[in-house]
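Participant: One structure coming up, written as structure tokens, with questions to follow.
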Amino acid sequence: MKSKVVQYYVEGEDEARLIQVLKNDLCVIRPGKVQKLNVMQDPLSDARLMTLKSRTMVVLIFDTDIGYTTILGENLEKLRKCPAVAEIVTIPQVPNLEGELVRSCDIKQITDLLGSKSKAEFKTDWLRTKNLAAKLIEHRFNIKQFWCQQSPYRDIKNESQKIWCPASSRQFRQSSLKDK
């Protein structure tokens, strides 16, 4: 069964903002609906599952810096049993969003991305910055280096490549290099 619709579940506002930029501005991941749900801490409700359309690819994006929880396992099991779900894609952020951004951009620390004075200020700047796509391009964001680490959990794979848009990411890389 081929998935038709993509539903992203992300930990918080920072990840939701990033997914919007990656799918709408940079066109490097598949389009889909984005909702905040920390799948490591919050159980999926039956009501939420009932809103999924038939043949949905569910993408779970979560940090690994808090350790594996039984709730994640329960959420995965619930998704496997849901008839609307065609595919489940797990994307562990190792160890978190900030670590992924440092690895995938030409920056040494997360504050370099937006010129923030501190990590706490970075979080505020991230949500307020209007030109995130331009900042990512400026710092040579590479989708192949983003979400590329293997999960620290033996039974959870990193399946980020399943949401990439290969033609779009190739075009993005070429256009971002021309701008340099």
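The values are calculated or read from the model by the stated rules, or taken from the named source; none is laboratory data. The model shown is predicted, which means the values in this text are computed figures rather than measured ones. Because the Cβ atoms are built from the backbone with ideal geometry, glycine has one as well, and the counts that use them run over all protein chains shown. Areas reflect the complete protein model, heavy atoms only, side chains present, ligands, DNA and RNA absent. Shrake-Rupley method; radii C 1.70, N 1.55, O 1.52, S 1.80 Å.
Participant: Answer with yes or no whether I61 is β-branched (V, I, T), part of a loop (DSSP other than H, G, I, E, B) and either open to solvent by less than 20 Å² (accessible area, probe 1.4 Å) or over 26 Å from L136 (Cα atoms) (or both). Break it down stepwise before answering.
Facilitator: Numbers: β-branched (V, I, T): yes; part of a loop (DSSP other than H, G, I, E, B): no; either open to solvent by less than 20 Å² (accessible area, probe 1.4 Å) or over 26 Å from L136 (Cα atoms) (or both): yes.
Criteria not met by I61.
Participant: Taking region 24-48, which residues are closer than 26 Å to A120 by Cα and out of contact with any Leu (no Cβ under 8 Å at 6 or more places or on another chain)?
Facilitator: Matches in region 24-48: V34, Q35, K36, N38, Q41, D42.
Participant: Quick one: how many residues across region 96-148 are open to solvent by less than 20 Å² (accessible area, probe 1.4 Å) and among the acidic types (D, E)?
Facilitator: 1
Participant: Return yes or no: is L79 hydrophobic (A, V, I, L, M, F, W, C) and either within 13 Å of the chain's Cα centre (by Cα) or in a loop (DSSP other than H, G, I, E, B) (or both)? First the steps, then the outcome.
Facilitator: On the way: hydrophobic (A, V, I, L, M, F, W, C): yes; either within 13 Å of the chain's Cα centre (by Cα) or in a loop (DSSP other than H, G, I, E, B) (or both): no.
So L79 fails the test.
Participant: Still on this model: How many of the residues making up region 149-160 are at pLDDT 95 or above and either open to solvent by less than 30 Å² (accessible area, probe 1.4 Å) or assigned to a helix (DSSP H, G or I) (or both)?
Facilitator: 2
Participant: Is it the case, given these coordinates, that G73 is part of a helix (DSSP H, G or I) and open to solvent by less than 50 Å² (accessible area, probe 1.4 Å)?
Facilitator: Values: part of a helix (DSSP H, G or I): yes; open to solvent by less than 50 Å² (accessible area, probe 1.4 Å): yes.
So G73 passes the test.
Participant: If you don't mind, there's one more thing I want to ask. Among the residues of region 111-147, how many are charged (D, E, K, R) and in contact (Cβ under 8 Å) with a residue 60 or more places away in the chain? Break it down stepwise before answering.
Facilitator: As a first pass, look at region 111-147 and keep what is charged (D, E, K, R): 112, 117, 119, 121, 123, 125, 128, 130, 135, 138, 140, 144.
From what is left, the residues that are in contact (Cβ under 8 Å) with a residue 60 or more places away in the chain are 123.
So the answer is 1.
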